[in-house]
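As structure tokens, the structure follows; a few thoughts come after it.
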Amino acid sequence: MLFRSSGLRRPHDIEHYLLRIGGSLGVLVLIESYDSAYGDQYDLDCSDSVQELINRARRGEIDGCMNGAPCSTWSRARFRPGGPPPLRDRQHPWGRPGLSRRDREHCDLHSRLMCNGLDILEAVVKGGGDALNEHPADPGRDPFPSIHATSRFRGLMARTGMKSHEFPQCMAGALSKKPTTLTGTLRDVPRYFPTQCTHVSHAMVLSGIDEHGNFRTRAGQTYPPQMCESIATCFLAEYRRRQS
């Protein structure tokens, strides 16, 4: 099984559980992680690298793929007092008018990374593999932007048959609630990710600034181990179904 993911390695991440669970099932898992920190050839803002992945996916060489493009420019936290300025809104999901050059470049980079990731997901599905996209849940109202509310994302779902499942990450081991959406072809996702929060309170609230001067939303950027394990389990379940 060949799996493509993005981001740097960390303890108990999705790669960890894919290898561990795959090994217990007798499945050889080969993983390619893409992040610019690994070098230019692993940069998903590089058109050549993206096209190579799309071509491989169309040939059926990628069994599973997950996209978790940067979401900080889409965050609703940007509309809270004391937070970073909003770069997008619901009427301008690809960038608000009047942005400074620096903010426009930052917003455009995140847009390209998102769209390139979605193009790869589509190619994987059409090549017979499974795909999953993770992104914060759509607030569903002005002024908050969401990739899920764009024609770009809705078109992807229509062409691939991918389904969306919204859940609070606290039900997958996170310290904060963090409403999240997984969109993809993994049929077992609803089984592992309950849609309703059953907690009276949460140990962490992703708003404001911490004692070190960092925005608390940073703490929610890392998937909890339980979530990683469940995602890995869902990918491997689909892979085994295709092999049976």
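A quick yes/no check of all residues on (1) open to solvent by less than 50 Å² (accessible area, probe 1.4 Å); (2) among the aromatic types (Phe, Trp, Tyr); (3) assigned to a loop (DSSP other than H, G, I, E, B):
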| residue | (1), (2), (3) |
| --- | --- |
| Gly140 | no, no, yes |
| Gly155 | yes, no, no |
| Ala158 | no, no, no |
| His165 | yes, no, no |
| Ala174 | yes, no, yes |
Quiz item: When Gly83 is evaluated against the numbered criteria (1) at pLDDT 95 or above; (2) over 29 Å from Glu238 (Cβ atoms); (3) in contact with a strand residue (DSSP E or B) (Cβ under 8 Å, 6 or more places away or on another chain); (4) of a type outside the set (Lys, Arg), which criterion, by number, is the only one it fails?
Solution: (1)
Exercise. For region 176-190, state whether one or more residues are open to solvent by less than 40 Å² (accessible area, probe 1.4 Å), modelled with pLDDT under 95 and either at negative phi or in a helix (DSSP H, G or I) (or both).
Key: yes
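Results for (1) more than 22 Å from Arg78 (Cβ to Cβ); (2) within 14 Å of the chain's Cα centre (by Cα); (3) touching a residue at least 40 places away in the same chain (Cβ under 8 Å), shown as yes or no for each residue.
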site: Leu132; (1), (2), (3): yes, yes, yes
site: Pro139; (1), (2), (3): no, no, yes
site: Ala149; (1), (2), (3): no, no, yes
site: Gly155; (1), (2), (3): yes, no, no
site: Arg159; (1), (2), (3): yes, no, no
site: Pro168; (1), (2), (3): no, no, no
site: Gly173; (1), (2), (3): yes, no, yes
site: Lys177; (1), (2), (3): no, no, no
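Report, by residue number, each residue of region 27-41 that is assigned to a loop (DSSP other than H, G, I, E, B), in contact with a Leu (Cβ under 6 Å, 6 or more places away or on another chain) and open to solvent by 20 Å² or more (accessible area, probe 1.4 Å).
Asp35
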Exercise. Output the number of residues of region 92-112 satisfying the condition of being open to solvent by 30 Å² or more (accessible area, probe 1.4 Å) and not in a loop (DSSP other than H, G, I, E, B).
Key: 10
Quiz item: Given the residues Ala77, Ala57, Ala69, which is the only one that is open to solvent by less than 20 Å² (accessible area, probe 1.4 Å), part of a helix (DSSP H, G or I), at pLDDT below 95 and touching a helix residue (DSSP H, G or I) at 6+ places or on another chain (Cβ under 9 Å)?
Solution: Ala77
Quiz item: Can we say Pro85 is open to solvent by 50 Å² or more (accessible area, probe 1.4 Å), without any contact (Cβ under 8 Å) to a residue 60 or more places away in the chain, under 20 Å from Ser146 (Cβ atoms) and not in a helix (DSSP H, G or I)?
Solution: yes
Quiz item: Only one residue in Gly60, Gly23 is touching a Gly at 6+ places or on another chain (Cβ under 7 Å) and more than 24 Å from His148 (Cα to Cα), so which one is that?
Solution: Gly60
Practice problem: Name the one entry in Ser24, Ser49 that is in a helix (DSSP H, G or I) and either at pLDDT below 95 or among the aromatic types (Phe, Trp, Tyr) (or both). | Solution: Ser49
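The values are calculated or read from the model by the stated rules, or taken from the named source; none is laboratory data. As the structure is a prediction and not an experimental result, all values here were calculated from the model. Virtual Cβ from ideal backbone geometry, glycine too; neighbours counted across all protein chains shown. To get the accessible areas, we keep the full protein, side chains included, count just its heavy atoms, and leave off ligands, DNA and RNA. Shrake-Rupley method; radii C 1.70, N 1.55, O 1.52, S 1.80 Å.
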